[in-house]
Amino acid sequence: MSNFALNAKLAKRSKTMNQAKKTISVDAIEAEWQEILAAKDNPTLFKPIYERYYLQIFRFIFKRVADESLAADICSQVFTKALQKLDKYQFKGVPYSAFLYRVASNEITTHYRKTQKNRVVSFEDAQLNNITETMEESISQHTTDELLRALDELPLAKLQMIEMRFFEKRSFKEIAEIMEITESNAKVKTYRILDKLKKIIVANK
């Protein structure tokens, strides 16, 4: 059993709560790095970066805590820490959002460890189908409850990869940027997690 009991919530999100996946050009990433360099010298110049990413980081957190006030508090902590660590941030050729998602993920983990409350996972039926359709036919015939029980047994880091890939429909490239691994490694890790889910489902029969 994972450290966090899976509190699965069937959630119908409005279009405004869905993250838009946009390709960020190399020029845009380099321009953003110049913004960060300027903010290192003058922290007030961090505001445009904050305004650019606040909503998507808030959504990321909200889906994992299902509490608007708590999500806002954690989001505030994320940007406070990001600003505090700005001097140490180094350019790696990826959007700054990848770093912010990483900080947000750590803050969410810290929250659940401190409170020992159930981990929230928000999804729709169609998103669960995204998982089963990727599995073998024999596994895809199992019930939603069986899949949820299997997800509950995943370590938190593996559960987060499933969330990003199948619930939030992130590309392997974006997952790799957030986790600071290669794109091919992100893909391999994801399919290994699916294999683990299959084994758990079969073992629980």
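The values are calculated or read from the model by the stated rules, or taken from the named source; none is laboratory data. Predicted model only: the values in this text are computed from it and were never measured. Note that each Cβ is placed from the backbone with ideal geometry, even for glycine, and that neighbours are counted across all protein chains shown.
Assorted remarks:
- Candidate set from the stretch 54-77 (those that are over 14 Å from the mean Cα position of the chain (by Cα) and of a type outside the set (A, V, I, L, M, F, W, C)); member that is farthest from Lys117 (Cα to Cα): Tyr54
- If you filter the stretch 155-196 down to residues that are acidic (Asp, Glu) and either touching a Pro at 6+ places or on another chain (Cβ under 8 Å) or part of a helix (DSSP H, G or I) (or both), you find that the one that is farthest from Ser122 (Cα to Cα) is Glu183.
- Lone qualifier among Ser14, Ser69, Ser25 - being loosely packed, with under 13 Cβ neighbours inside 10 Å, of a type in the set (Ser, Thr, Tyr), at pLDDT 95 or above and out of contact with any strand residue (DSSP E or B) (no Cβ under 7 Å at 6 or more places or on another chain): Ser69
- Some residue of the stretch 166-179 being modelled with pLDDT under 90, of a type in the set (Lys, Arg), farther than 21 Å from Arg119 by Cα and outside the structural domain of Arg64 (by TED's automatic domain parsing): no
- Test: residue in the stretch 68-87 that is more than 29 Å from Pro43 (Cβ to Cβ), of a type outside the set (Phe, Trp, Tyr) and free of Cβ contacts under 8 Å to residues at least 24 places away in the same chain: no
- Neighbours by Cβ (under 9 Å, 6+ apart or cross-chain): first from the stretch 36-48, within 20 Å of Gly93 (Cβ to Cβ); second outside any helix (DSSP H, G or I): Ile36/Tyr89; Ile36/Phe91; Leu37/Phe91; Lys40/Tyr89
- Counted residues, the stretch 73-116 - those being β-branched (Val, Ile, Thr) and over 17 Å from Lys63 (Cα atoms): 3
- Checked against the criteria, Gln90 does not count as of a type outside the set (Val, Ile, Thr), modelled with pLDDT under 95 and either over 20 Å from Met179 (Cβ atoms) or touching a helix residue (DSSP H, G or I) at 6+ places or on another chain (Cβ under 8 Å) (or both).
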